[in-house]
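Here the structure is laid out as structure tokens; the discussion comes afterwards.
The values are calculated or read from the model by the stated rules, or taken from the named source; none is laboratory data. Since this is a predicted model, take the numbers as computed values, not measurements. When we count neighbours, we look across all protein chains shown, and the Cβ atoms used for this are built from the backbone with ideal geometry, even at glycine. For the accessible areas, the whole protein counts, side chains as well, though only heavy atoms, and no ligand, DNA or RNA atoms are used. Shrake-Rupley method; radii C 1.70, N 1.55, O 1.52, S 1.80 Å.
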Amino acid sequence: MATPGTEPVKDLVDAQNFKKLVSLIDKLRDIGLNDHISMPRIAVLGSQSSGKSSLLESIVGLNFLPRGSGVVTRRPLELRLCRVREMKEKPYGVFAQDPETKLTDFVEIRKRIEKYTDDLCGSNKNIIDDPIVLKIYSENTPDLTLIDLPGITRIPVGGQPKNIEEVTKSLVTRYCKDERTIILAVIPANADMSNSDSLQMAQHLDPQGIRTVGVITKIDIMDKGTDAKKMLLNKEIPLKLGYIGVKGRSQADVDSNMTVSEALKEELSYFSSHPVYRHLPKEILGTEFLVRKLTTVMYDHIRRVLPTIMKEIEFKISSTEKNIANLGVPIPSDHKEKLDQIWREISLFYDKFKANVKGEYVEVFRKSDKQEGVLASAQINLLYNDLYKSYMLNIKYSSAHSDSDIAKIVDMYSGNTIPGFIRVDCFIALLSPLVENLRAPALELLEKVYMLLKTIGSRLMSETFSKVFSIKEVLLDLFDKILNECRDSTADYINKFLDCQTKVIFTKDPNFITNSVSWPEELQKKDAALATNESVANRLGTATSAQNGVKSNSVPPQKTEQKQTLDPKERRAFMVKEMRKRIDQYFQINMRQIADSVPKMITNFLINELLDKIYFSMFRKVADPEVLEEIKEPQSVIDQRKYLEETLKILSNSKKVLLKDPDLNFVSINTDAS
């Protein structure tokens, strides 16, 4: 059984299909999909001086990377390698920054990499996460896309920040934590493998080791008597994809102008003649087998993730279309078109607001997902029904007055009246404070309805005019102004109505009239000796005079020789009791009238008046040329719409690219793929 990680690399990988897949991924990158969805890629991870540059040049087959001491790679370098069979021209490179220029001089390409790096990072060794994209076309290069990441740096040099290690590890993490990224961990053989920065980072970001390929470099400069056999056979720190050993060019080889092709031949000779390595499986040694392994791994990887990329594209298309729809139609520049659009939106706002406060059904609610909670009309009805609810449960309203208070009031307002008579001022004095207590709940109800209308209006205004901040503010100010005017006028009506209820005593309620003539028989008999029948009828204040043709309930006068008088305490107790009864009866009648009238006044003078005024007031406001001129879409909305439209274009074009090629039948990229 083969050692894990040393299985033969697939020899039957369909090179043509793989090239199509790599080209497809690169085309999606060119469209810009990688700005919105992570794409399959190989990230080269290693510490400073781990041999990354030599490794990449060996894979590409060309000498083009900057060299030097310290930190050389200060921007990620995205290498898109394109193999061209039977190429009739020299290998060349094209930078994304200058797509029209084909560079066949790879010394010039090295200078361009240095220039693009210095242009952005400066000359003080700063590290910036903004990739340089370079396409290389060659007959000998594999169809792969690799990203050369800045090496993990522990000690800052030049003008680098003191936390350079944190900066480089953070950058590496951003690229390598993505599940769609294959990690190519570069590990120098002449250092302790367990202390390798790249391997530690790879284990942290890929704990299961299922997407990490280990590359053992500098295998030829290990201490004498040591070798990398255990590392290569995956016996020290196992990876599911295993390790491959390579021998790159040393700095001396580069200085002596050794070509990459010459170095590859020397690498083959080194492994085939080495006393230890020549006995190891050939699939774990050499750049050629590393390229084959990366090709195999990447081929399987792309086929596996392509269906999920398609699903993600469709999901993002749907969400982007919703976001664009939420922004609404752009505001026209033409004044007439602008006015027509704003009028339509005002009508929409009015219909929604009216339906909400009146409890009407309109089509805009059915189509809108933004209607939430209970309609304002239902909330207002609940508030109406709660008015004086605590009073409705109580029938002893006069309990607010003590017996002594009532007696004191009766005495105070008796004046020169005949004993037994109760002046209407006495009744008003006792009743007015009770009725006055009804004023505050009525005005509180008005304030609650006012706040509810203000809240609903503000919310609907924000929803309707969210993309036109300037007009929303103008119309909201107008709405608040009219609402405040209606609130103030309604409060005035309620106060005047309550003033009438407090200061004027009158009722035609038949029950009150009937119950108000029930003087006790004993008092009637004793008081009959003190006054004539007419006086008794007047004193009771409850019977209609005989002149009006109505019978009196008073007792006929009786002739007596000695006046009969009621004990003062008994008379006072009787008067207090009688007064309480009449206050309770009259207050209940009065309270019910107020409880019915206040909601009517609020509905008519606040709600209906508001609805009558806001519609045409808003139209007149926006028709003002100066106001209309100021109605513009905020720059933030313009920028957001532009971004969303560009995103939708990228996603839609990416979807077309994935679906239009009939030669991709070997990969199931429909959304039903598992």
Just how large is the dipole of segment 197-291 about the Cα centre, in debye to the nearest 20, putting +1 at every Lys and Arg Cβ and -1 at every Asp and Glu Cβ? 360
Which shape class applies to segment 36-85: rounded if a/c is under 1.5, otherwise prolate when a/b exceeds b/c and oblate if not, where a ≥ b ≥ c are the square roots of the Cα gyration tensor eigenvalues? oblate
With all protein chains present and a 1.4 Å probe, how do CYS500, CYS486 order by accessible area, largest first? CYS500, CYS486
Show me 37-45, 277-285 ranked by packing, highest mean number of other Cβ atoms within 10 Å first. 37-45, 277-285
Heads up, segment 78-146 by the C-alpha gyration tensor (a ≥ b ≥ c square roots of eigenvalues; a/c under 1.5 rounded, else a/b over b/c prolate, else oblate) looks prolate
Hey, can you grab everything whose amide H is under 5 Å from the amide H of SER47? Only 5+ residues off in sequence or another chain; H modelled, so Pro and N-termini drop out. ILE152, SER198
How much accessible surface area, in Å² rounded to 10, belongs to the heavy atoms of SER462 with a 1.4 Å probe? 40
Considering only protein heavy atoms, what is the solvent-accessible area of ILE614 at a probe of 1.4 Å, reported in Å² to the nearest 10? 0
Please turn the phi angles of segment 312-324 into ³J(HN,Hα) values with the Karplus equation 6.51 cos²θ - 1.76 cosθ + 1.60 (θ = phi - 60°), one per residue in order, whole Hz, x for glycine and proline. 5, 4, 5, 5, 5, 4, 4, 5, 5, 4, 5, 5, 5
For segment 592-598, 3J(HN,Hα) per residue [Karplus equation, 6.51 cos²θ - 1.76 cosθ + 1.60, θ = phi - 60°, Hz, x = Gly/Pro]: 5, 5, 5, 4, 7, 7, 4
Calculated from backbone phi, Karplus (6.51, -1.76, 1.60) coupling profile of segment 426-441 in Hz, x at Gly/Pro: 4, 5, 5, 4, 7, 7, 4, x, 5, 5, 4, 5, 7, 5, 4, x
Under a 1.4 angstrom probe, counting protein chains only, how are HIS301, HIS204, HIS274 ranked by accessible area, largest first? HIS204, HIS274, HIS301
With all protein chains present, segment 45-109 has a carbon and sulfur share of its accessible area (1.4 Å probe) in percent of 46
Residues whose modelled amide H sits under 5 Å from the amide H of TYR92, counting only those 5 or more places away in sequence or on another chain, are TYR137
Relative to the present Cα-Cα distance, how much length would full extension add between MET412 and SER250 at 0.36 nm per residue of separation? 46.4 nm
In terms of the alpha carbon gyration tensor, root eigenvalues a ≥ b ≥ c, rounded if a/c is under 1.5 and otherwise prolate when a/b exceeds b/c or oblate, segment 113-228 is rounded
ILE182 long-range amide H proximity, modeled H, under 5 Å: ARG41, ILE42, ALA43
Tell me the accessible surface of VAL107 in square angstrom (1.4 angstrom probe, heavy atoms of protein chains only), to the nearest ten. 70
